[in-house]
1. Please work out which one of (1) of a type in the set (A, V, I, L, M); (2) buried (at least 19 other Cβ atoms within 10 Å of the Cβ); (3) more than 21 Å from the chain's Cα centre (by Cα) is the condition MET235 fails and give its number.
2. Which members of segment 339-355 meet the condition of being open to solvent by 10 Å² or more (accessible area, probe 1.4 Å) and either part of a strand (DSSP E or B) or farther than 30 Å from THR431 by Cβ (or both)?
3. List pairs: first residue in segment 86-99 and over 30 Å from LEU531 (Cβ atoms), second residue buried (at least 21 other Cβ atoms within 10 Å of the Cβ) anywhere in the structure, Cβ distance under 6 angstrom, at least six positions apart or on different chains.
4. In segment 191-224, which residues are open to solvent by less than 20 Å² (accessible area, probe 1.4 Å) and either in contact with a His (Cβ under 9 Å, 6 or more places away or on another chain) or farther than 26 Å from MET115 by Cα (or both)?
5. If I ask for residues that are surrounded by fewer than 16 Cβ atoms within 10 Å (Cβ to Cβ), assigned to a loop (DSSP other than H, G, I, E, B) and touching a Pro at 6+ places or on another chain (Cβ under 9 Å), which ones from segment 428-450 would you list?
6. Return yes or no: is ALA358 at pLDDT 95 or above, of a type in the set (Gly, Ala, Ser) and part of a helix (DSSP H, G or I)?
7. Which residue pairs have Cβ atoms under 7 Å apart, sit 6 or more places apart or on different chains, and have a first residue in segment 212-230 that is closer than 23 Å to PRO279 by Cα and part of a loop (DSSP other than H, G, I, E, B) and a second that is open to solvent by 30 Å² or more (accessible area, probe 1.4 Å) and of a type in the set (Phe, Trp, Tyr)?
8. So which of ASP362, ASP374, ASP394 ends up being open to solvent by 10 Å² or more (accessible area, probe 1.4 Å) and under 20 Å from the mean Cα position of the chain (by Cα)?
Amino acid sequence: MSPVNKAACGVMKEWDKTGFCVGRHPSLDAQEQSEDAHNEVKEGNTTKLKGLETIAPLVRSIEETPDPIPAEVQGTIPHWINGSLLRNGPAKFEFGDTHYNHWFDGMAMLHKFKMEKGQVTYMSRFLRSDAYKKNSERDRIMVSEFGTVAMPDPCQNIFQRFFSHFEIIKPTDNGNVNLMKYKGDYYVSTESNFMHRVNPESLETLEQVDWSTFVAVNGTTAHPHHDPDGTCFNMGNSYGGKGSMYNIIRVPPEKFNAEDTLQGAKILCSIAPANFSQPSYYHSFAMSENYVVFIEQPSKIDLIKLVTCKMRGKAFCEVIYWDPNLETILHLIDKRTGKASPVRYYTKAFFNFHQINAFEEDGFFMLDLCCYGDGQALDIYYLQNLRKSGEALDEVYNSTSRAFPRRFVLPLHVTDDTPTDQNLNTRPSSTATCVKKSNTKVFCQHEDLHGDDLYKYGGLEFPHINYERYNTRPYRYFYGCGFRHIFGDSLLKVDLNDKTLKVWHQKGLFPSEPVFVPSPDATEEDHGVILSVVLCPSQDKATFLLVLNAKTFEELGRAKVPVNMPYGLHGVFNASA
């Protein structure tokens, strides 16, 4: 069992001169351990839980806070943190008598915690997307989302309503997943072809941007990657008469004028799916200094069912299915030439939302991912599941797999002379294997990037690293949320040198994705802070911004704001707003 940082478990008792938490009543550890032992059953490496706290308040609609309000600071917010934590996520789940079905459907809200000289303010605004405006004008759901089909407008006549069933569902512009930068500007996005440029100071919604105006894609991920010079890469599907393609997109860093958005974007490479009529669903991709890796997983989209969704009254999420009999395929593409490697890398079936990092070393491509054992992860987030309580909630949690960090090692130089049926991974520090089966196929077996203690915390998702300095490079640390509940209920730091954990946890609190902010005089990878928004479903208006010392994982301070917030998705630190 790997050691756990017990001093970083989140109960503030006493503060030293630097603002570090230096005390914790020992009976609290014993009490929580006793409660944990009483409410869990071990089945191999899986922990079955009982008596989970309801999280229904974390998926309810809230009002926006358009004017900044001051936060109450406890402890210390380091004065060198000057900037804002910007976050995004669903925050409105009904219009009139119509209700969304899935957490991913909620209307996007942008949140901003601004830190300056140790003080913090908070504000939030709904994204004024076309979907939000149309729904608000009619006070009913007018635009279909990931898990909800908009019913025909009752204001139409009977013939219009009839023929509307035969239309293809139009993509939403409800950008509720992530914030990202292109050419120095901030955008919010979901997984459709629409983004919105936003003002990071005021959170005002600016113009809508359509990817398909610049490149022939029907949608993109909300998780682009960027090179140090600002060049961005993303991926998008294209659907046509001959089926579908996966496309890697390159967006140049240069702006031609102030109104420039995605001008100059090009498709770097198009990849054919294993089955043209059933491409894979994907949420992100991996990138090293010289390569992009696309993960074609056995979570498939049935295109026939997709084009008939509206006629059958089915949402987009219902055309996605999991085929455990398929292998996962890793496609390697050279960023410089746009050419795909003739070698494809295969591994056992897994489902993936987020990659941690990727880098090249000693002739190998290291690919670090958060992996689920099956493709049921999307189903758990139906709102009817998230709003359950008691035994019904326990059953939802215990019936789903959790994500665990894995490393895959891909040999970059496979030739006709490379021997078959033997492990090509010559790195003594790695237990991952890669075996050439033919001149075009290498089978890979992963290495776990964790010790046994991670099972106690329910695995790890929402991974984050010191991105600016260590993305695409060898690294030592990554951070994430532990999922001993349907939503993250702890913050974790993994040291890859010995696969040990540091943990921040306080019973009844639910922290969001950790965002690393480096110290301005940082000389080490983990010299900085972790920012996370923490929610408490059992208390009204008990939201706070948590600041941890990234090296020790001890709590520096928290900034309480008298608002309710729903559990969100992704965020970014903006040093200039």
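1. Checking MET235 against (1) of a type in the set (A, V, I, L, M); (2) buried (at least 19 other Cβ atoms within 10 Å of the Cβ); (3) more than 21 Å from the chain's Cα centre (by Cα), the one that fails is (3).
2. LYS339, ALA340, ARG344, TYR346, PHE353, HIS354, GLN355 - these are the residues of segment 339-355 that are open to solvent by 10 Å² or more (accessible area, probe 1.4 Å) and either part of a strand (DSSP E or B) or farther than 30 Å from THR431 by Cβ (or both).
3. PHE95/ASN135; PHE95/ILE141; THR98/ILE141
4. If the condition is that a residue be open to solvent by less than 20 Å² (accessible area, probe 1.4 Å) and either in contact with a His (Cβ under 9 Å, 6 or more places away or on another chain) or farther than 26 Å from MET115 by Cα (or both), then SER192, ASN193, MET195, LEU203, VAL209, TRP211, VAL215, VAL217, GLY219, THR220, THR221, ALA222 are the ones that fit.
5. ASN439, THR440
6. For ALA358, the condition - at pLDDT 95 or above, of a type in the set (Gly, Ala, Ser) and part of a helix (DSSP H, G or I) - is not met.
7. Pairs that qualify, where the first residue is closer than 23 Å to PRO279 by Cα and part of a loop (DSSP other than H, G, I, E, B) and the partner is open to solvent by 30 Å² or more (accessible area, probe 1.4 Å) and of a type in the set (Phe, Trp, Tyr), are ASN218/TYR239.
8. ASP374
The values are calculated or read from the model by the stated rules, or taken from the named source; none is laboratory data. These figures come from a predicted structure and were not determined experimentally. Because the Cβ atoms are built from the backbone with ideal geometry, glycine has one as well, and the counts that use them run over all protein chains shown. SASA here: full protein model, heavy atoms, side chains in, ligands and nucleic acids out. Shrake-Rupley method; radii C 1.70, N 1.55, O 1.52, S 1.80 Å.
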